[in-house]
Amino acid sequence: MLIIKDKRALQEAVNELKLGNKSIGFVPTMGALHQGHLSLVEKAKVENDVVVCSVFVNPTQFNDKVDFANYPRTEQEDTDLLKNNGCSILYLPTVEDIYEGEEDFNLDLKGLDNTLEGSYRPGHFDGVVRVVKRFFEIVNPTKSYFGLKDYQQFLIIKELANSFGLGGEIIGCETFRESSGLAMSSRNQLLTSEEKRIAQEIFKSFSNIKNQANSVSILKLIEIEKERLSKWFLIDYFEARDSKNLKEINSETLQSGRLFFAGKIGKVRLIDNIGIFN
Ligand code: AMP
């Protein structure tokens, strides 16, 4: 595995591969890698000749300085994991390397950024869009892989890719869960064992709603589960939204509805989402 810290060296390596007609699958991450990330790498490996991964904790997407400072950083373990799981090129840029040469741009996200995470983390998606646009310009991938764990981010990245013709094909990958149902997340490392046990309740609530969705009103079911989870969590939101545009669901859009949860347990904020009928 090639480890590259400089964008020009990365671009040279990618250009050479493209001259040889090789397809490039790109997996951007913030590190502290787990099996969820590796499932994206695996999919990229199956679908492309070469896999490029990045590990970069992007300061511009953290609206909270303490959260940025506390974000887990495990560079050596990440490097070893990627080397052993099919990554060919690991891009480990500095902040300067990414943002040097950035041009101003306007992007209409059609309201996708103003709701859910956007309401609770002001400026977060501006930072995500900025960094992913830079990555797409630098890496110029054939296909790019994003987790549906961050569903709102996935929709926003698709909009970014369509608007600028960047990133190649955007592939959404199913959320990888522990056997308990807890969605894997780098932030899980920050939970105590008791908090981790409680964190499983999010998936239990999702399952309770999915199991009764055919016979009971979704809004009623969410109200019950929100009440149940509020014993342990400081909940930011628990809502059903249209999976295409994140608007509130109605009887016509119910079939393509998704549940979205965000809440804090102790000091750690967790998010998760799931399709109601699929
Ligand atoms: P992050 O390092 O948290 O920025 O995540 C990098 C990529 O991995 C994003 O596209 C995430 O949506 C994706 N990802 C994170 N956790 C999971 C998971 N449990 N299952 C699938 N994809 C994930």
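Numbers below:
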read-out: Qualifying positions in segment 179-202 - within 13 Å of the ligand (Cβ to nearest atom) and farther than 18 Å from residue 35 by Cα; value: 202
read-out: Counted residues, segment 226-278 - those being of a type in the set (S, T, N, Q), outside any strand (DSSP E or B) and under 30 Å from residue 192 (Cα atoms); value: 1
read-out: Total residues in segment 75-109, condition under 24 Å from residue 163 (Cβ atoms) and of a type outside the set (Gly, Ala, Ser); value: 13
read-out: Residue tally, condition loosely packed, with under 13 Cβ neighbours inside 10 Å and either in contact with a helix residue (DSSP H, G or I) (Cβ under 6 Å, 6 or more places away or on another chain) or of a type in the set (Val, Ile, Thr) (or both), over segment 175-194; value: 1
read-out: Filtered residue count, segment 157-177, keeping only those that are on the phi < 0 side of the Ramachandran plot and not in a helix (DSSP H, G or I); value: 10
read-out: Qualifying residue in segment 262-276 (condition: closer than 20 Å to residue 116 by Cβ, buried (at least 17 other Cβ atoms within 10 Å of the Cβ), basic (Lys, Arg) and within 16 Å of the ligand (Cβ to nearest atom)); value: yes
read-out: Residue in segment 181-195 that is of a type in the set (Ser, Thr, Tyr) and assigned to a loop (DSSP other than H, G, I, E, B) present; value: yes
read-out: Where residue 261 falls short, out of the listed (1) within 18 Å of the chain's Cα centre (by Cα); (2) farther than 30 Å from residue 55 by Cβ; (3) of a type in the set (Phe, Trp, Tyr); value: (2)
read-out: Residue pairs meeting the criteria (Cβ under 6 Å; at least 6 apart or on separate chains; first touching a residue at least 60 places away in the same chain (Cβ under 8 Å), in segment 229-258; second of a type in the set (Val, Ile, Thr)); value: 246/115
read-out: Among (1) within 13 Å of the ligand (Cβ to nearest atom); (2) over 28 Å from residue 9 (Cα atoms), the one test that residue 119 misses; value: (1)
read-out: Every residue from segment 221-258 that is crowded, with 20+ Cβ neighbours inside 10 Å, charged (D, E, K, R) and over 20 Å from the mean Cα position of the chain (by Cα); value: 225
read-out: Selection count where residues are more than 10 Å from the ligand (Cβ to nearest atom), free of Cβ contacts under 8 Å to residues at least 60 places away in the same chain and within 17 Å of the chain's Cα centre (by Cα), scope segment 137-178; value: 7
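Every read-out reported here was derived from the displayed coordinates using simple, explicitly stated rules and does not represent laboratory data. The model shown is predicted, which means the values in this text are computed figures rather than measured ones. Ideal geometry is used to build each Cβ from the backbone, glycine not excepted, and the neighbour counts take in all protein chains shown.
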